[in-house]
Amino acid sequence: MGLEESTGGLNVKDVLPIVNGNIVPGYKFNHASPIEKESEYFRSNPEKGDRVHCVVFVVDANILGQNNVSDGTRRNIKEINEELRREDVPSFVLLTKIDNLCELVEKDIRNTYSSEKVKQAVDIAVELYNVPEQNIFPIKNYHCETERDTNKEILILLALKQMMYFGTDFLRST
C-alpha cells in the first residue's frame, strides 16, 4: 500500500499506530478508515520491540526525476513526515530504477553519483520528503539479470547499512 491518494493508499492516521507498535500482525489496512482503539488488532501497551525504528520510503526515481507527484500524494507525505518528526523516527528514501532514469547509469551503475538526472531526483526527494541528502539512496533494481552484480549490490548494501545504524541508534536512545 502506497501513499498515493488516487489509488487508495495507506490512511495517514494509521501511521502513528504503526510507528508506535499499536497494530498487531494480521490487520488489514483500509484507506477509508484507520484502525480504532477498540479493534482486536490494536495493541494498547506495545513493548519497545514493537515500535518502528526507522521508516523507508521507496519511490521510483522516474516519478521524482520528472517531478510527477500529485498534490494529494505530496500532502500525504508531508503529513506522515510531521508525525515521524514528532515521534523522532528517522526516515530514508530509496530511489529505485535509477537505470531507467539515466542512460549513463543504465550503461554503467558506477555513474550513479555523477549523473545529473539522479542528482535532480535526489534534490526533489530532499524537498518532498524533507530528509537530509545523506538519507536518500539511489539504487538499481534487479530486473531480468541472472547473475549478481557487485556494483549494484554496493548501492543497496550501503543503504541497508545506514538504516541499521539509525535503527540501532534509535534503540539505544529509547
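The values are calculated or read from the model by the stated rules, or taken from the named source; none is laboratory data. Please read these numbers as outputs of a predicted model, since none were measured by experiment. Glycine gets a Cβ as well: all are built from the backbone with ideal geometry, and neighbour counts include every protein chain shown.
A few comments on the model shown:
- Hey, N100 over 14 Å from the mean Cα position of the chain (by Cα), in the same structural domain as F137 (by TED's automatic domain parsing), crowded, with 17+ Cβ neighbours inside 10 Å and farther than 19 Å from N135 by Cβ or not: no
- Filtering region 92-120 to residues that are in contact with a Leu (Cβ under 6 Å, 6 or more places away or on another chain) and in a helix (DSSP H, G or I) leaves N111, K117.
- Any hit, region 6-19, residues being more than 14 Å from the chain's Cα centre (by Cα), in a loop (DSSP other than H, G, I, E, B) and in the same structural domain as F166 (by TED's automatic domain parsing): no
- Answer residue from region 126-161, given it is of a type in the set (K, R) and assigned to a helix (DSSP H, G or I) and is farthest from the chain's Cα centre (by Cα) among those: K152
- All positions within region 54-82 that are surrounded by 17 or more Cβ atoms within 10 Å (Cβ to Cβ), of a type outside the set (A, V, I, L, M, F, W, C) and either at pLDDT below 85 or assigned to a helix (DSSP H, G or I) (or both): N62, G65, T73, N76, N81
- Considering only residues in region 34-53 that are of a type outside the set (D, E, K, R) and at pLDDT below 90, the one that is farthest from F137 (Cα to Cα) turns out to be G49.
- Screening the candidates K107, K37 for the property of being surrounded by fewer than 18 Cβ atoms within 10 Å (Cβ to Cβ) and assigned by TED's automatic domain parsing to the domain that holds C144 yields one hit, K107.
- Criterion applied to V118, V105, V122, V89 was being modelled with pLDDT of 90 or more, out of contact with any Asp or Glu (no Cβ under 7 Å at 6 or more places or on another chain) and of a type outside the set (K, R), and the one residue passing it is V118.
- Verdict on I63 being assigned by TED's automatic domain parsing to the domain that holds Y113, among the β-branched types (V, I, T) and farther than 25 Å from K117 by Cα: no
- Residue match in region 118-126 (condition: of a type in the set (D, E) and either over 23 Å from G2 (Cβ atoms) or touching a residue at least 40 places away in the same chain (Cβ under 8 Å) (or both)): no
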